[in-house]
Amino acid sequence: GFIIELANWKETEFKTHWGKLIPLNKLTAHDLFERKRIYPNSTSEENGTESWFRYDQTKKIDLENKFDLISKNAIKRIAIMEEYWKE
C-alpha cells in the first residue's frame, strides 16, 4: 500500500535537527516535520497502514482492475493536494 506525502520548503537547503544540510534538489517530504499525508477516504490517518491506498484489500477484483481502481482513487484526492499547496 501507499500514501501520498506533500511538503513545501522555500529555502535553498534544509538543516535537520542533528545539523545535516540537505540541498533543495535532494529534499523529500519525509525529511520535513510539517507535511500533509493524503489517504484514500480521509485527510488524516485513522488506522495505521489500513488507512493507506491498499492493493491487498480487494481480493475479488483481478490485479489489473485493482491498479486501475486505486490509481483513480488517488487521482480523486488531487483537490485536497491543490488546497494544501494554496496554504
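Here are some notes:
- Using only Cα coordinates, the Kirkwood hydrodynamic radius of the range 1-40 works out to 11.1 Å.
- Chain lengthening between T16 and L69 when straightened (0.36 nm per residue, less Cα-Cα): 15.3 nm
- Length released on extending from I3 to L27, taking residue separation times 0.36 nm less the Cα-Cα span: 6.8 nm
- Solvent-accessible surface (1.4 Å probe) assigned to Y84 amounts to roughly 30 Å².
- Positive minus negative residues near E83 (Lys, Arg vs Asp, Glu; Cβ under 12 Å): +1
- Residue-level accessible surface for W85, protein heavy atoms, 1.4 Å, Å²: 130 Å²
- Across K10, K76, the residue with the most accessible area heads the list, and the full order at a 1.4 Å probe is K10, K76.
- Here the accessible area is traced with a 1.4 Å probe on the protein chains. For the range 1-44, carbon and sulfur cover 50 percent of it.
The values are calculated or read from the model by the stated rules, or taken from the named source; none is laboratory data. Computed from a prediction, not measured in an experiment: that's the story for all the values here. No Cβ is skipped: glycine too gets one built from the backbone with ideal geometry, and neighbour counts run over all protein chains shown. Surface areas here come from the heavy atoms of the whole protein model, side chains and all, with no ligands, DNA or RNA. Shrake-Rupley method; radii C 1.70, N 1.55, O 1.52, S 1.80 Å.
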